[in-house]
Structures are given as C-alpha cells and as structure tokens.
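**Student:** One structure, as structure tokens, below. Some questions next.
The values are calculated or read from the model by the stated rules, or taken from the named source; none is laboratory data. Remember, predicted model here, so these are calculated numbers, not experimental data. Here the Cβ positions follow ideal geometry from the backbone for every residue, glycine too, while neighbour counts run over all protein chains shown. Remember, those area values only see protein heavy atoms, side chains included, never the ligands or the DNA or RNA. Shrake-Rupley method; radii C 1.70, N 1.55, O 1.52, S 1.80 Å.
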Amino acid sequence: MPQIINGKEISAQIKEELKDKVKAMKEDGISVCLAVIQVGDDPASSVYVGNKKKACAYIGITSLSYELPEETTQEELLALIGELNKRKDVNGILVQLPVPAHIDKDAVIRAIAPEKDVDGFHPQSVGALCIGQEGFVSCTPAGIIQLLKRSGIEIAGKECVIIGRSNIVGKPMALLLLRENGTVTVTHSGTKDLKEVTRRADILVAAVGKPKMITREYVKEGAVVIDVGIHRNENNKLCGDVDYDDVAPVCSAITPVPGGVGPMTIAMLMNNCVESAALRQ
Ligand code: NAD
C-alpha cells in the first residue's frame, strides 16, 4: 500500500506552529492582521472566506472582513485596497476571487502592495519567485512543497511532471520544484502524448481540473502522486483529478481528496500573514 500523505494532519501541525509563533510575537508587541475582501455573495466564495476567518481566529491573527455588494465599482474596490495598503496595522490583504465580471481581476491583484500580497499573485511576487528572490508564494503550490518535505519525500534530482500551467497552481509549482532542484516538466492542454510524459515522473502533480482523469496508465510504478483537483462527483462526494482507487496501488505515496492538498492552502495563507508581520518588524 502507498504512503497516504495526510494534509489534514500536516496542515494542523503548521497551524499549531503558527499559533505558538503568533503568541510569541504578541508578547513582543507584534500583532498580525489580515484584511479579507469579498465582492458579491457567491456561496463558494463565502465558504472559503469563512474558513480563512476561522483559521485566523484559531491562530490568533486578527481578521478584518469587508463584504462588499455585487455592484461595487472597480474604483471603490481599488480605493479600499489603497487605504489598506497604507494601514500599518494590516499585514495581509486578500481579495477573494473570482470578482464580478465588471471588475478587472488583474488590476485588483496589481493594486495590492507586494509586501501585503499574502496570496502571492502580484506580478512582483511571481517575478521574485522566478528569479529566486524573497517574496510571497502562491499558497497551494507552497503547501505541496510542505507536504512533500514533511512526508520525507526528497525532491532534489527527481523527475517532476506537472499537469496544468495555471498562474495559481501549475506555473508557481514548476518554479518551486525547480528551486528544490527537481527536474521539471510542465504539461498542458497542448501536450501531444501526455501519458508518455507523465509516466516519466517520480513526482507527478495533477492540476488539470478534470475529475478522475489521471488513471494508472499515466503513472510510473512507485511514483509520488499529488492531486490538486477538487470536484464533486455524481453522488455529491469530493474527488480529485486523480482516480484514487485506480492509482493508489501502483504509486509509492499519494494525497487523498479530501484531506490532501486542500487543507494546506489555508495553512500557507496563514503562514504568509505571519511572515508578512515578522518581516515588517
Ligand atoms: P485551470 O483550469 O486554471 O488550469 C487547468 C490546466 O490544465 C490548464 O493549464 C490546462 O492547460 C491544463 N489541461 C486541461 N486539460 C488538459 C488535458 N486534457 N491534458 C493536459 N493538460 C490539460 O485550473 P487550476 O486553477 O490550476 O486548478 C486545477 C484544479 O485544482 C481544479 O480542480 C481546481 O479546483 C483545483 N484547485 C485546488 C486548490 C486547492 O486548494 N486544493 C487550489 C486551486 C485549484
């Protein structure tokens, strides 16, 4: 049987470490504060925002919540971000995506001061990651690196194949694995013989956004398989991009869905907030 990489346990461990860190920082007179902005009332976004606020409360991070109506203009949103950029007590600013169609998402991301860009989406943060400088890193791929490291899985020298090239998962994942000295290949919708490439992987990261697409034909015997996908199947149960039951018997380690990559995203967001406050000092 493969090693089951337990994201629930590892994220809980990270949150405990952060809780202790925040307590120690408070004793030194440093507080941590995250501003969370949601425009409109998309139910999925409300769940994500609620979970982020809960995690802040647990760790001891103050969260400021801005629930703006759907008809908020881009100028109003940018003005709020501008104010929060100036506030010394705010360490992180997060605008829950997606924003309504009349708002330019990229303009919103660019408006957040890079030193408060705890989602790691600002072009400056992405550029810093690309050239190996300090900056915030997109939370899901940063969480995957933690999953691998804390499960004792070596990255250096490994063939790492990523399925998907999105700005929030695939591309930063490639840069992070490269930073850890993996040999990295990024595949995407234009890749010709996907199975031929994925079967070379010692570490395979599936961020393709298609339920259970990755079956054992895509996986080399003994590979480590990281499943980023989150979907609801026909029975309303969560599943990933990987067909878990089919793939688990052939790999050496695998993340389940739920309880694998998912819980790591919020843990890394909390980590970025704490780092932002510590760096400010
Ligand atoms: P996306 O839709 O932006 O990107 C999907 C990528 O897959 C694209 O780059 C595309 O080129 C590639 N692709 C599509 N079809 C392909 C095919 N047949 N062969 C090869 N490549 C193909 O998705 P995303 O935002 O990167 O998210 C991917 C998945 O991860 C989704 O299921 C999403 O819900 C999930 N996700 C989970 C978390 C988390 O916290 N666990 C965070 C972000 C995304």
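**Student:** Could you give me the ³J(HN,Hα) list for the stretch 193-205, computed from phi with Karplus coefficients 6.51, -1.76, 1.60 and θ = phi - 60°, whole Hz, x at Gly and Pro?
**Tutor:** Values, residue by residue: 10, 4, 4, 4, 6, 5, 6, 7, 6, 7, 10, 10, 10 Hz.
**Student:** Using alpha-carbon positions, what is the distance between the centroids of the stretch 1-59 and the stretch 178-246, in Å?
**Tutor:** 27
**Student:** Where nothing but the Cβ of Lys and Arg (+1) and of Asp and Glu (-1) is charged, how large is the charge dipole of the stretch 73-152 around its Cα centre, in debye to the nearest 20? Don't skip to the answer; put the middle values down first.
**Tutor:** On the way: 8 positive and 10 negative charges, 73 e Å.
It works out to roughly 340 debye.
**Student:** Under a 5 Å amide H to amide H cut-off, with H placed in plane at 1.01 Å, what residues pair with ALA201 once short-range neighbours are removed?
**Tutor:** Placed amide hydrogens put LYS220 under 5 Å from ALA201.
**Student:** Under Stokes-Einstein, with the Kirkwood radius over Cα pairs standing in for Rh, what whole-number D in µm²/s applies to the stretch 70-178 at 10 °C and 1.306 mPa s? Don't skip to the end; give the middle numbers.
**Tutor:** Working: Rh = 15.4 Å.
Value of D from the Cα-based Kirkwood radius: 103 µm²/s.
**Student:** Compute the semi-axes of the equivalent ellipsoid of the stretch 1-112, taking the square root of 5 times each eigenvalue of the Cα gyration tensor, and list them largest first in whole Å.
**Tutor:** Values: eigenvalues 162, 85, 25 Å².
In descending order, the three semi-axes are 28, 21, 11 Å.
**Student:** If you don't mind, another one. Send over a whole-number figure in Å² for the accessible area per residue of the chain, probe 1.4 Å. List each step's numbers first, then the result.
**Tutor:** Numbers: 13550 Å² over 281 residues.
With the other protein chains kept in place, the chain gives 48 Å² per residue.
**Student:** Per the 1.4 Å probe, what fraction of the accessible area of the chain, in percent, lies on carbon and sulfur atoms?
**Tutor:** Working: 6870 of 13550 Å².
The C+S portion of the solvent-accessible surface of the chain is 51 percent.
**Student:** Size of the chain along its principal axes in angstrom, Cα-based, largest extent first?
**Tutor:** 52, 43, 40
**Student:** Still on this structure, please answer the following. Taking θ = phi - 60°, what integer Hz values does the Karplus form 6.51 cos²θ - 1.76 cosθ + 1.60 yield along the stretch 136-141, in sequence order, with x for Gly and Pro?
**Tutor:** Residue by residue, the stretch 136-141 yields 6, 10, 3, 5, 5, x Hz.
**Student:** Helix-derived [θ] at 222 nm for the chain: sum -39500 (n - 2.57) over DSSP H runs of at least 4, divide by residue count, nearest 500? Walk me through the intermediate numbers first.
**Tutor:** Numbers: 10 runs with 116 residues, N = 281.
Value at 222 nm, helices only, nearest 500: -12500 deg cm²/dmol.
**Student:** Taking the alpha-carbon set of the stretch 125-250, what are its Rg and Dmax in Å?
**Tutor:** 14.2, 45
**Student:** Which FRET efficiency value, to the nearest 0.05, is calculated for MET213 and ALA44 with the Förster distance at 22 angstrom and r the Cβ-Cβ distance?
**Tutor:** Numbers: r = 22 Å, r/R0 = 0.98.
The calculated FRET efficiency here is 0.55.
**Student:** Is there a quick way to get the dipole size of the stretch 9-92? I mean about its Cα centre, with the Cβ of Lys and Arg at +1 and of Asp and Glu at -1; what is the value in debye to the nearest 20? Each step should come with its number before you reach the end.
**Tutor:** Working: 11 positive and 15 negative charges, 98 e Å.
Dipole magnitude for the stretch 9-92 comes out near 460 debye.
**Student:** Could you give each residue of the stretch 264-281 its phi-based ³J(HN,Hα) in whole Hz, using Karplus coefficients 6.51, -1.76, 1.60 with θ = phi - 60°, and x for Gly or Pro?
**Tutor:** Once rounded to whole Hz, the list reads 6, 4, 5, 4, 6, 4, 4, 4, 5, 5, 5, 4, 4, 5, 5, 5, 4, 5.
**Student:** Here is a further query. Normalised by the number of residues in the stretch 35-159, what is the relative contact order in percent for Cα pairs under 8 Å and 6+ residues apart? Don't jump to the answer; show the numbers that get you there.
**Tutor:** On the way: 139 pairs, mean separation 27.2, N = 125.
Relative contact order, the stretch 35-159: 22 percent.
**Student:** Separate question: Student exercise: in the stretch 65-149, how many lysine pairs 8 or more apart or on different chains have Cα atoms under 21 Å apart?
**Tutor:** On the way: LYS86/LYS105; LYS86/LYS116; LYS88/LYS116; LYS105/LYS116.
Summing the qualifying lysine pairs gives 4.
**Student:** Remind me, relative contact order of the chain in percent, using alpha carbon pairs under 8 angstrom and six or more residues apart? Please report the intermediate quantities before stating the final value.
**Tutor:** Numbers: 558 pairs, mean separation 61.5, N = 281.
About 22 percent, as a whole number.
**Student:** Another one. Can you give me the relative contact order of the stretch 163-217 as a percent, contacts being Cα pairs under 8 Å and 6 or more apart? It would help to have the intermediate numbers written out before the result.
**Tutor:** On the way: 39 pairs, mean separation 21.8, N = 55.
Computed value for the stretch 163-217: 40 percent relative contact order.
**Student:** Quick one: Kirkwood hydrodynamic radius for the stretch 159-211, alpha-carbon pairs, angstrom, one decimal? If you can, show how the numbers build up before the last one.
**Tutor:** Numbers: mean 1/r = 0.0917 Å⁻¹.
Result for the stretch 159-211 stands at 10.9 Å.
**Student:** Which distance in Å, rounded to a whole number, links the C-alpha centroids of the stretch 150-164 and the stretch 104-119?
**Tutor:** Comparing the Cα centres of the stretch 150-164 and the stretch 104-119, I get a distance of 29 Å.
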